[in-house]
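The values are calculated or read from the model by the stated rules, or taken from the named source; none is laboratory data. Fair warning: this is a prediction, and the values are worked out from it, not measured in the lab. Neighbour counts are summed over all protein chains in view; Cβ atoms, including those assigned to glycine, are modelled from backbone coordinates with ideal geometry.
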Amino acid sequence: MKLTVITVCFNAAKDLKKTLDSVLTQTFIDFEYLVIDGGSKDNTLDLLETYKLLFAKAGKIFRYVSEADKGTYDAMNKGASLANGEWINYMNAGDSFYANSTLQDFFSSSWPESTGVLYGDTFQIFDFGSGIAREDDYKKDNTIMPFCHQSCFVKTKLMQQFLFDMSYRIIADHDLFYRLRKANIIFQYIPIIVARYNGQYGLSATHPLTLRLEGLRVHQITKKWYYPLALTWTYLRYGWVQPFKNHMPHWMTEAWMKRKRKFINNN
């Protein structure tokens, strides 16, 4: 089997339906779909039972697990341990593939057998507009992870070996790919739009200080002699950002966010 698509969720039935529909309507068939639910109390389980029948009717493999877990990254690790595909993609509840043919187009591409991580572009959605974030757009701020995890595919054996570090609240995906690069795993860019992702309200966007503080630990700055200076600079540079945004007029916040994202088009 070529691929395992994994969605982790908790009390997210409304958002989950969009993702279920997106996976169900893929023209690609050589994959399984695995939902890891954290023991939801809304109608998530009823929804999953309904879609279990729809996936069976479409001839596509669908499984789900619903039980308490220790959070998003614990659920993602659990999904990796249950995966049967050669590759893993994590598609969060509320996010979706860009088109019905996305997986078919992506896996029609070619890459070296030794490649461990594949990634493509992302259609990012904000309240003030949307646009396609490509590799170069991400590289301006993040050379380790020039993509969002919804638009990447990791070999299952690597995902099961490295796993997400659950001590991180926000940046465990960045930490994972940092460790993969340190291990000389080959990354391959495929110029195909993979996912639709709402970037307005993600943890990285709403908790910039936590993001940067965790980044110091990922890059082992905490072990350097200049850590106190780096920590002070981080608080001075990012500590005021979120409180300030919370009290800014909405139009000003959006203008600020848009200025940093040159790929955004008003629509």
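The residues of the range 80-100 that are part of a loop (DSSP other than H, G, I, E, B), over 14 Å from Gln26 (Cα atoms) and of a type outside the set (D, E, K, R), listed by number, are Ala83, Asn84, Gly85, Asn92, Ala93, Gly94.
Among Met166, Met159, which is crowded, with 20+ Cβ neighbours inside 10 Å, under 16 Å from the mean Cα position of the chain (by Cα) and touching a residue at least 24 places away in the same chain (Cβ under 8 Å)?
Working: Met166 fails: crowded, with 20+ Cβ neighbours inside 10 Å.
Unique residue meeting the criteria: Met159.
Within the range 215-262, the residues that satisfy the criterion of being modelled with pLDDT under 90 and touching a Phe, Trp or Tyr at 6+ places or on another chain (Cβ under 6 Å) are Glu254, Lys258. Considering (1) under 30 Å from Tyr168 (Cβ atoms); (2) of a type in the set (Gly, Ala, Ser); (3) modelled with pLDDT of 95 or more, the lone condition that Ala13 does not fulfil carries the number (3).
What about Leu34, is it over 16 Å from the mean Cα position of the chain (by Cα), closer than 20 Å to Gly85 by Cα and touching a residue at least 24 places away in the same chain (Cβ under 8 Å)? The answer is no for Leu34. The set of residues in the range 101-114 that are surrounded by 15 or more Cβ atoms within 10 Å (Cβ to Cβ) and either at pLDDT below 95 or not in a loop (DSSP other than H, G, I, E, B) (or both) comprises Thr102, Leu103, Asp105, Phe106.
For Pro208, are the conditions met, namely being on the phi < 0 side of the Ramachandran plot and exposed (fewer than 15 other Cβ atoms within 10 Å of the Cβ)? Here the answer is no, as Pro208 does not meet what is asked.
From the list Asp69, Asp74, the one residue that fits, being modelled with pLDDT of 95 or more, of a type in the set (Asp, Glu), in the same structural domain as Thr25 (by TED's automatic domain parsing) and under 19 Å from the mean Cα position of the chain (by Cα), is Asp74.
From the list Phe55, Phe97, Phe62, the one residue that fits, being within 25 Å of Phe177 (Cβ to Cβ) and either touching a residue at least 24 places away in the same chain (Cβ under 8 Å) or out of contact with any Leu (no Cβ under 6 Å at 6 or more places or on another chain) (or both), is Phe97.
Of the residues Ser96, Ser151, Ser130, Ser109, which single one is among the small types (Gly, Ala, Ser) and farther than 17 Å from Ile192 by Cβ? Write out each step before concluding.
Details: Ser96 fails: farther than 17 Å from Ile192 by Cβ; Ser151 fails: farther than 17 Å from Ile192 by Cβ; Ser109 fails: farther than 17 Å from Ile192 by Cβ.
Matching residue, one of Ser96, Ser151, Ser130, Ser109: Ser130.
Residue count for the range 37-66, restricted to those that are within 24 Å of Ser81 (Cβ to Cβ) and of a type in the set (D, E, K, R): 5.
For the range 174-192, state whether one or more residues are under 16 Å from the mean Cα position of the chain (by Cα), in the same structural domain as Ser22 (by TED's automatic domain parsing) and within 23 Å of Leu16 (Cα to Cα). For the range 174-192, residues under 16 Å from the mean Cα position of the chain (by Cα), in the same structural domain as Ser22 (by TED's automatic domain parsing) and within 23 Å of Leu16 (Cα to Cα): absent.
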